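Read the structure below first, then the notes.
The values are calculated or read from the model by the stated rules, or taken from the named source; none is laboratory data. This structure is a prediction, so every number in the text was calculated from the model and none was measured. Every residue, glycine among them, receives a Cβ derived from its backbone with ideal geometry; neighbour counts consider all protein chains shown. Ligands, DNA and RNA are excluded from the accessible area calculation, which covers all protein heavy atoms including side chains. Shrake-Rupley method; radii C 1.70, N 1.55, O 1.52, S 1.80 Å.
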Amino acid sequence: MTSPAGLRFRLLASVVSVILLVFAIAGAWFYWELRASLPRLDGAVTLGGLKDAVTVSRDAIGVPRIRGRSRPDVTRALGYLHGQERFFQMDLLRRRSAGELSELFGKAALPIDTRTRVHGFRALATQVYARLPADEREILESYAAGVNAGLSDLGQKPFEYLVLRSSPQPWGPVDSILVIYSMTLDLQDSTGSYELSLATLRDQLGFAGVAFFAPVSLPDDAAIDNSTGTPAPIPGEKIIDLRKKAAVAARTLMLPASYAREERDPEFLPGSNSFALSGAHTATGAALLANDPHLDLGVPNIWYRATLEWEQPATCRVSGVTLPGLPAVVIGSNEHIAWGLTDAYADTGDVVAVEVNAVDHSLYKLPGSDELVPIEQRRETIKVKGQAPVTVEIPWTHWGPVVGKNSAGRPLVYHWLAHDPAATDFSFRKVMEARDVGEAIALAHRAGIPAQNFVVADVSGKIAWTIVGRLPKRVGFDGRLPTSWSYGDRRWDGMVAPESMPTVIEPPNGRLWTANNRVVGADFLAVIGDGGFAAPARASQIRDDLSAIEHGTPSDLRKIQLDDRALFLEAWRGRLLAVLTPQAVAQKPARAELRRAVEKWEGRAGVDSVSYCLVRAFRSETAELAFTPIFAGCVEAMPGFDWHRFHYEAPLDALLREKPLHLLDPRYAGWDDLQLAAADAVIADLDRQGVPLERATWGQHNTARILHPFGHFLPAWMTGWLNMPADPLPGDVDMPRVQAPAFGASMRLVVSPGHESEGLLHMSGGQSGHPLSPYYRAGHHAWVAGEPTPLLPGPAVHTLILNP
């Protein structure tokens, strides 16, 4: 007879077996469905709309070479590949700018959609598409047809839709315009937050505070025209005195509840490096270009590599990276020119103070009229998965949406160039067929994309820089701070004409560089405006690296891209050692350990570097201790005030050098005491983390976190197989090799036009968005290690024929 305990055990075993069987069956079903959605790599397939056959050959890491007779056929084929390999990524891009993520992810995405709907980008995209010339609409229609054919040719919908229990919606030509707007949101200030921060600083500390704490030009700038600035004096005690209780009366800037900054390390802004050598300084005589766009890193990588070849209307072979959702090579080389892009941080928006009726604040004044007009209330309905739709009301004026109120209670409106349908188009794709620097510059001046630094090099050895994209033409003001437009003396007079766009062709020294810094000064700077340029340290290092090269090769420029020397922190190491005096070290044994570690200076942001990690942390702690009390009134007055956007290194250096007591936190007797407290804070922070000081390597801090979208809201045990490996990564923000755990060089390109076979390109992720594809992670290791991989596709491993 079986005992009761035995029966219970067998019953439990049976239940567990059934559960395991259910999980096994479910796993097998999911794996089967997942395999069914793998992209087609070989064979032949009919692609409707083609006039002639197109050949797609992929190499060992999945890079396709797409060859066809005509440009429209190749465009349709590229759409087919994007639809097969990257449709979910494309869907997220269009939904991001349209404010339609909640329809897919539910209420968790509602705050993002609410912020985005302010701009009405879906309606704008429809207007932009209607304005396009017939040939550009035809390209977008061919591409969309290819995308939908590629999607429908999968054996099962992409696995993300299985998990989300939804179905992919067809791609439309207008959706490609939404992809441009998605990049605009990522690359530009969509709320006027930088200008609002400057306005708050002015309200709290006056124009003297703005001049000192938020300078536009600095003595150590690395502009290509050699322009520099003179530092402003430290604001006096009458402006701010932290040693006294009385301070400047706070004037509050009120922002709507929907106003919020998206989470990102404030030191890391979307941007890039691009630099070039003229033919006089290269080994071949052709110009040489490098570009590494710095963006948020995810899975799949934002870019999709490709070589496109067609014979009509003119023979063209272009290699580089495409952005899924757009039928063009965005950055690359066509055997005649090579081009790169970096965020220009141009000022493409202005905060406008609206003159409202003293009694009824819903009525406001327009220039040239005494009649008051009502503030419009726009309504946007957001579909939310799993619940009823949500309707939001957005107050709009003649100049744009209301983003807050100033200290006098007047509405503040953000007038953004992106809200003008005339500022966006698809003409940038023509750069793929440009034959020389002059033609490329002319095309760039008429292109409707987010304003970017455009560096171009050609086979004859010429190089040039300009701004690609549209800029506003301001009248009566410089656009840096909010002002009233109600009287017509301050306004935009359309957009800057192509012939007035800042341009530098064939610089005398034969070198160009951009690193999101202020690139030019004087009249050119007045045209571009200040959109919050990056600090100059990275650009300076690139400039100096370039100046040492006389017979450059792709390998030389790749070395610059991978330069992780910590030149910027040399002075900070000296400061830390200076405050760790024998007397200070004697007071706390941990300080002695800190000093010993810092004395072993590796001089670079290497994964094994302890001293770099400690000195960097010391700088950050010093800045926080110095500026937090100074900007306390600003933070109180404005949610989202961010002094990290200012060029604070020069002001901080001045404070530590001149030691003004009226700007020192009263907790400290002197500025050396503040720096010693910062050193102690570094030690205390490591103690809280349980990290021994000798093991506090930069790699331990800077470990890759490159996630699939599901990795942001599902547990790691469920999504780990979708993410890139958690590799320790060299590099940081104030050096050419920009790197954070989830931010950095999305790809690195080095190429000389006409010598593409010597070109180099690698990306942070693989070609395919399918986790079972052999190309899901292919190339990632080379990116981590900084190893060169060829720009051009290698020998064909798979061949797919697309037939009419």
Checklist entry - What are the pairs, 6+ residues apart or on separate chains, where a residue within region 146-168 that is under 20 Å from L78 (Cα atoms) has its Cβ under 8 Å from a residue that is assigned to a helix (DSSP H, G or I) and of a type in the set (S, T, N, Q)? => result G146/T75; G150/Q84; L151/Q84; D153/Q84; L154/Q84
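Is it the case that T184 is of a type outside the set (K, R) and either farther than 30 Å from I240 by Cα or assigned to a helix (DSSP H, G or I) (or both)? Give the steps one after another, and end with the answer.
On the way: of a type outside the set (K, R): yes; either farther than 30 Å from I240 by Cα or assigned to a helix (DSSP H, G or I) (or both): yes.
Spelling it out, T184 is indeed of a type outside the set (K, R) and either farther than 30 Å from I240 by Cα or assigned to a helix (DSSP H, G or I) (or both).
Yes or no, residue by residue, for (1) touching a Phe, Trp or Tyr at 6+ places or on another chain (Cβ under 8 Å); (2) in contact (Cβ under 8 Å) with a residue 40 or more places away in the chain; (3) over 27 Å from W465 (Cα atoms); (4) among the aromatic types (F, W, Y):
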| residue | (1), (2), (3), (4) |
| --- | --- |
| P313 | no, yes, yes, no |
| A338 | no, yes, no, no |
| E355 | yes, yes, yes, no |
| A358 | no, no, yes, no |
| S369 | no, no, yes, no |
| V390 | no, yes, yes, no |
Item to check | Residue in region 56-72 that is under 17 Å from L140 (Cα atoms) and either of a type outside the set (S, T, Y) or surrounded by 22 or more Cβ atoms within 10 Å (Cβ to Cβ) (or both) present | outcome: yes
Checklist entry - Residues of region 167-191 being farther than 29 Å from R429 by Cβ and modelled with pLDDT of 95 or more, which ones? => result S167
Item to check | V163 being open to solvent by 10 Å² or more (accessible area, probe 1.4 Å), farther than 16 Å from G325 by Cα, among the aliphatic types (A, V, I, L, M) and under 23 Å from the mean Cα position of the chain (by Cα) | outcome: no
Checklist outcome for this item: Those residues of region 748-804 which are assigned to a helix (DSSP H, G or I), in contact (Cβ under 8 Å) with a residue 60 or more places away in the chain and either open to solvent by 30 Å² or more (accessible area, probe 1.4 Å) or over 30 Å from V456 (Cα atoms) (or both) amount to E758
Checklist entry - Which ones in region 422-438 are in contact (Cβ under 8 Å) with a residue 24 or more places away in the chain and part of a helix (DSSP H, G or I)? => result A422, A423, S427, F428, R429, V431, M432, E433, V437, G438
Checklist outcome for this item: Those residues of region 461-491 which are under 18 Å from W399 (Cα atoms) and of a type in the set (F, W, Y) amount to F477, W485, Y487
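Please tell me if I177 is out of contact with any Pro (no Cβ under 6 Å at 6 or more places or on another chain), open to solvent by 10 Å² or more (accessible area, probe 1.4 Å) and among the aliphatic types (A, V, I, L, M).
Numbers: out of contact with any Pro (no Cβ under 6 Å at 6 or more places or on another chain): yes; open to solvent by 10 Å² or more (accessible area, probe 1.4 Å): no; among the aliphatic types (A, V, I, L, M): yes.
Here the answer is no, as I177 does not meet what is asked.
In the list S97, S37, which residue meets the criterion of being open to solvent by less than 10 Å² (accessible area, probe 1.4 Å), farther than 20 Å from T307 by Cα, modelled with pLDDT of 95 or more and of a type in the set (S, T, Y)?
Numbers: S37 fails: modelled with pLDDT of 95 or more.
Testing whether each residue is open to solvent by less than 10 Å² (accessible area, probe 1.4 Å), farther than 20 Å from T307 by Cα, modelled with pLDDT of 95 or more and of a type in the set (S, T, Y) leaves just S97.
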Item to check | Matching residues, region 598-613, being touching a helix residue (DSSP H, G or I) at 6+ places or on another chain (Cβ under 6 Å) and part of a helix (DSSP H, G or I) | outcome: V598, S611, Y612, C613
Item to check | strands (runs of 3 or more DSSP E) wholly inside region 352-421 containing at least 3 residues that are open to solvent by less than 60 Å² (accessible area, probe 1.4 Å) and not polar (S, T, N, Q) | outcome: 363-365, 390-397, 400-405, 411-416
Item to check | Given (1) more than 30 Å from L567 (Cα to Cα); (2) assigned to a loop (DSSP other than H, G, I, E, B); (3) open to solvent by 30 Å² or more (accessible area, probe 1.4 Å), number of the condition D220 does not satisfy | outcome: (1)
Checklist outcome for this item: Counting only residues that are under 25 Å from the mean Cα position of the chain (by Cα), surrounded by fewer than 17 Cβ atoms within 10 Å (Cβ to Cβ) and of a type in the set (A, V, I, L, M), region 680-715 contains a total of 1
Checklist entry - Does any residue in region 618-634 that is closer than 15 Å to I239 by Cα come within less than 8 Å, Cβ to Cβ, of a residue that is open to solvent by 40 Å² or more (accessible area, probe 1.4 Å) and aliphatic (A, V, I, L, M) six or more places away or on a different chain, and which pairs are these? => result G633/A247; G633/V248; G633/A250
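Just to be sure before I move on: is V496 surrounded by fewer than 18 Cβ atoms within 10 Å (Cβ to Cβ), of a type in the set (A, V, I, L, M, F, W, C), under 30 Å from V354 (Cβ atoms) and out of contact with any Ser or Thr (no Cβ under 6 Å at 6 or more places or on another chain) in the structure I sent?
Working: surrounded by fewer than 18 Cβ atoms within 10 Å (Cβ to Cβ): no; of a type in the set (A, V, I, L, M, F, W, C): yes; under 30 Å from V354 (Cβ atoms): yes; out of contact with any Ser or Thr (no Cβ under 6 Å at 6 or more places or on another chain): yes.
Taking the combined requirement at face value, the residue does not satisfy it.
Please determine whether any residue of region 137-157 is over 23 Å from G711 (Cα atoms), of a type in the set (K, R) and either part of a helix (DSSP H, G or I) or touching a Cys at 6+ places or on another chain (Cβ under 8 Å) (or both).
Restricting attention to region 137-157, the residues satisfying the condition of being over 23 Å from G711 (Cα atoms) are 137-155.
Applying the additional criterion that residues be of a type in the set (K, R) yields 137.
Then drop every residue that is not either part of a helix (DSSP H, G or I) or touching a Cys at 6+ places or on another chain (Cβ under 8 Å) (or both), which leaves 137.
For region 137-157, residues over 23 Å from G711 (Cα atoms), of a type in the set (K, R) and either part of a helix (DSSP H, G or I) or touching a Cys at 6+ places or on another chain (Cβ under 8 Å) (or both): present.
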Checklist entry - Quick one: in region 28-75, which of the residues that are hydroxyl-bearing (S, T, Y) and part of a helix (DSSP H, G or I) is farthest from G769 (Cα to Cα)? => result T75
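Just give me the residues in region 541-572 being of a type in the set (S, T, N, Q), touching a residue at least 40 places away in the same chain (Cβ under 8 Å) and open to solvent by 20 Å² or more (accessible area, probe 1.4 Å), in sequence order.
In the first step, residues of region 541-572 are kept if they are of a type in the set (S, T, N, Q); the result is 541, 547, 553, 555, 561.
Then drop every residue that is not touching a residue at least 40 places away in the same chain (Cβ under 8 Å), which leaves 541, 553, 555, 561.
T553, S555, listed by residue number.
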Checklist entry - Does region 104-113 contain any residue that is open to solvent by 30 Å² or more (accessible area, probe 1.4 Å), in a loop (DSSP other than H, G, I, E, B) and of a type outside the set (D, E, K, R)? => result no
